[in-house]
Amino acid sequence: MKHEYISFITKTSVLLSVSLIIGYFESLLPPLIPFVPYFKLGLSNIVLIIALLRINIFSAYIISLLKSIIVPLFVGNPSMIMYSLPASIISLSIMVIVMVLFGLGIPSTSVLASITHNFVQIIVAYLIMETKIIFSYLPYLSIISILSGIITGLISFWILKSVSSKNYLM
């Protein structure tokens with residue numbers, strides 16, 4: 001029992017560290033699309049998928065929660081927490097539902113999570129700014145979300161396949 005707990009803490013901590021590093025460096029990159037300045041590829045979602053499939057749901061939620069709080073503080077923009085925290089938790093919940101409960105594949109799950117994440121952020125922005133113009137971003141964000149979800153989903157799939165084939169302890 002003690003060994004399982006230590007293993008859980010260690011694996012979760014390592015993946016959290018990787019997620020924080022990816023999130024921090026991704027925040028330093030210039031916008032991928034000039035007219036959607038806050039859009040990021042979401043590479044740290046790869047870590048969530050790995051945690052979800054290789055550790056457990058609780059680990060994935062811990063990583064999602066802490067990353068959503070710590071990265072905005074690292075980059076000096078604590079107001080990002082209002083957007084990233086609900087979006088991260090809800091999109092992870094979608095991942096749990098469609099992947100764990102319904103057995104949907106990694107790339108498809110990643111696409112749904114990406115769309116959900118951006119949709120929730122738009123809703124939060126609407127609640128804060130109280131302007132419907134923010135919804136005009138949805139068509140663009142939906143297309144971008146599909147592409148980024150496919151990319152992160154495929155990378156996650158390849159990493160998990162590689163880790164499984166090499167008999168790593170994770």
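Looking at G103 and the list (1) free of Cβ contacts under 8 Å to residues at least 40 places away in the same chain; (2) crowded, with 17+ Cβ neighbours inside 10 Å, which single condition is not satisfied?
That leaves (2) as the condition not met.
Of the residues in segment 106-160, how many are crowded, with 16+ Cβ neighbours inside 10 Å, in contact with a Gly (Cβ under 8 Å, 6 or more places away or on another chain) and of a type in the set (S, T, Y)?
5
So is I6 surrounded by fewer than 18 Cβ atoms within 10 Å (Cβ to Cβ), over 28 Å from A125 (Cα atoms) and at pLDDT 90 or above or not?
yes
From (1) under 19 Å from L147 (Cα atoms); (2) modelled with pLDDT of 95 or more; (3) surrounded by fewer than 18 Cβ atoms within 10 Å (Cβ to Cβ), pick out the condition that doesn't hold for I46.
(3)
So how many residues does segment 43-92 have that are without any contact (Cβ under 8 Å) to a residue 12 or more places away in the chain and either assigned to a helix (DSSP H, G or I) or small (G, A, S) (or both)?
Qualifying residue count, segment 43-92: 5.
I'm trying to understand the selection: among the residues of segment 94-132, which are under 11 Å from the mean Cα position of the chain (by Cα) and of a type in the set (S, T, N, Q)?
Of everything in segment 94-132, those that are under 11 Å from the mean Cα position of the chain (by Cα) and of a type in the set (S, T, N, Q) turn out to be S110, S114, T116, N118.
So, in segment 12-39, how many residues would count as being within 21 Å of W158 (Cα to Cα) and modelled with pLDDT under 95?
Qualifying residue count, segment 12-39: 2.
Can you confirm whether G76 is over 14 Å from the mean Cα position of the chain (by Cα), of a type outside the set (A, V, I, L, M) and over 16 Å from E26 (Cβ atoms)?
no
Can you spot a residue in segment 24-34 that is of a type outside the set (G, A, S), touching a helix residue (DSSP H, G or I) at 6+ places or on another chain (Cβ under 6 Å), surrounded by fewer than 18 Cβ atoms within 10 Å (Cβ to Cβ) and part of a helix (DSSP H, G or I)?
Yes, that holds for at least one residue.
The values are calculated or read from the model by the stated rules, or taken from the named source; none is laboratory data. The model shown is predicted, which means the values in this text are computed figures rather than measured ones. Here the Cβ is made from the backbone with ideal geometry for all residues, glycine too, and neighbour counts use every protein chain on show.
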